[in-house]
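Take a look at the structure below.
The values are calculated or read from the model by the stated rules, or taken from the named source; none is laboratory data. Computed from a predicted structure; not experimentally measured. FYI the Cβ positions are ideal-geometry reconstructions off the backbone, even for glycines, and counts take in every protein chain you see.
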Amino acid sequence: MSRMIAPASAKVSHSRHLTILMLLGILIIVMFIVSMNTGLMRLTPLEVVHTLLGDGTRQQKLILFDFRLPRIVISMLVGAGFAVSGCILQSLSRNALAEPSTLGINAGAGFAVIIFISFVPATAAGHIFVLPLMALIGAMLTAALIYFLSYRREDGLSPTRMILIGIAVGAGIYAIQMILTLRLDPQNFQFVSIWLAGKIWGGDWRFVLALLPWIAVILPFALYKSRVLNLLNLGDQTSAGLGMPVEKERLVLLAAAVALSGACISVSGGIGFVGLIAPHLARRLVGPKHQVLLPACALIGSLLLITADTIARWILQPAEIPTGIVVALIGAPYFLYLLAKSKA
């Protein structure tokens, strides 16, 4: 009897997870349509459809294809990237508060970008494709420093120590960032100020092309490593007992998470909390198994950021506020809630 119940239960669970993923996909499509209709120049749903089919006016095509669609696609890619990166970091550290911004990785990536812009103007040709590489270098160096300071030979990687050191390193880097920012010329200063606030500043398809390879490679790799993440959640001793090279796998996955967040930061700036909120919501919906958790994280992250960016463009029309501020208004209270819950 128990053998019959177990497969049936697994089948129901699989069906429920598939339904949740489909609903998240439908919500993303709905927000995609809403976002295409949101902006200073309003387009009705019918006008959007006609424009997508090639029947729109020249102005409508310019608004939709040259301004709105690239930004919407970038929002979805960045949201998915931050969410999966946060999920990996939480699994590696076994800490519910871990994500790229709280670990100081965002600060490191931003620091490298500011140094690059200090020598190369923000309007220089080709900088779009160099920024992801610079952000990756900064994020990798910061992650390596945090890992080195957090690791102890006798007890391995301490999750609590990792979080505290990440916060301290991030605060120090942000202070240096402010000093460097004040030394920039007015044009670069304006660019960096907006970038640090977390604005989706990618205005054309070149930004999509710069970010897409990172997402297209690392997200499937993370899904491929989902079984490893499941084992790491059991603890280092249990994972090692099952024959897994714990430190090697942890370093590989840490590099993937850092590369993912670094590439996203280069086109979205200092947007935080997506990597914190999305994994928690995903776990509530689909449970802890990473085979389903990672796709759910990606979908929730995309939904969260495309919604936040749409609000940022709509709430103070004709002006707009950085998307990072909207996300922070949602994420900061949730972070405090998790902190209080963790303390309890």
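Can you find even one residue in the stretch 119-133 that is in contact (Cβ under 8 Å) with a residue 12 or more places away in the chain, among the aliphatic types (A, V, I, L, M), surrounded by fewer than 21 Cβ atoms within 10 Å (Cβ to Cβ) and in contact with a Ser or Thr (Cβ under 7 Å, 6 or more places away or on another chain)? Looking for residues that are in contact (Cβ under 8 Å) with a residue 12 or more places away in the chain, among the aliphatic types (A, V, I, L, M), surrounded by fewer than 21 Cβ atoms within 10 Å (Cβ to Cβ) and in contact with a Ser or Thr (Cβ under 7 Å, 6 or more places away or on another chain), one finds none in the stretch 119-133, hence no.
Exactly one residue out of Arg161, Arg227, Arg206, Arg152 is charged (D, E, K, R) and either modelled with pLDDT of 85 or more or in contact with a Lys or Arg (Cβ under 6 Å, 6 or more places away or on another chain) (or both): that is Arg227. Filtering the stretch 313-335 to residues that are at pLDDT below 80 and exposed (fewer than 12 other Cβ atoms within 10 Å of the Cβ) leaves Leu316, Gln317, Pro318, Ala319. Counting only helices (runs of 4 or more DSSP H) that sit wholly inside the stretch 144-249, those with at least 3 residues that are out of contact with any Ser or Thr (no Cβ under 6 Å at 6 or more places or on another chain) and touching a residue at least 24 places away in the same chain (Cβ under 8 Å) are 159-182, 186-197, 205-224, 226-232. Test Ala256 against the criterion of being of a type in the set (Gly, Ala, Ser), without any contact (Cβ under 8 Å) to a residue 12 or more places away in the chain, within 25 Å of Ala107 (Cα to Cα) and not in a loop (DSSP other than H, G, I, E, B), and give yes or no. No: the conditions fail for Ala256.
All of (1) modelled with pLDDT of 85 or more; (2) in contact with a strand residue (DSSP E or B) (Cβ under 6 Å, 6 or more places away or on another chain) hold for Asp236 with one exception: (1). Residues in the stretch 328-340 that are touching a residue at least 60 places away in the same chain (Cβ under 8 Å) and out of contact with any Gly (no Cβ under 7 Å at 6 or more places or on another chain): Tyr334, Phe335, Leu338, Leu339. Ala107 meets all of the listed conditions (1) in contact (Cβ under 8 Å) with a residue 24 or more places away in the chain; (2) among the small types (Gly, Ala, Ser); (3) assigned to a loop (DSSP other than H, G, I, E, B); (4) out of contact with any Leu (no Cβ under 7 Å at 6 or more places or on another chain) but one, namely (3). Just one of the numbered conditions (1) over 21 Å from Pro220 (Cα atoms); (2) surrounded by fewer than 17 Cβ atoms within 10 Å (Cβ to Cβ) is not true of Gly287: (1).
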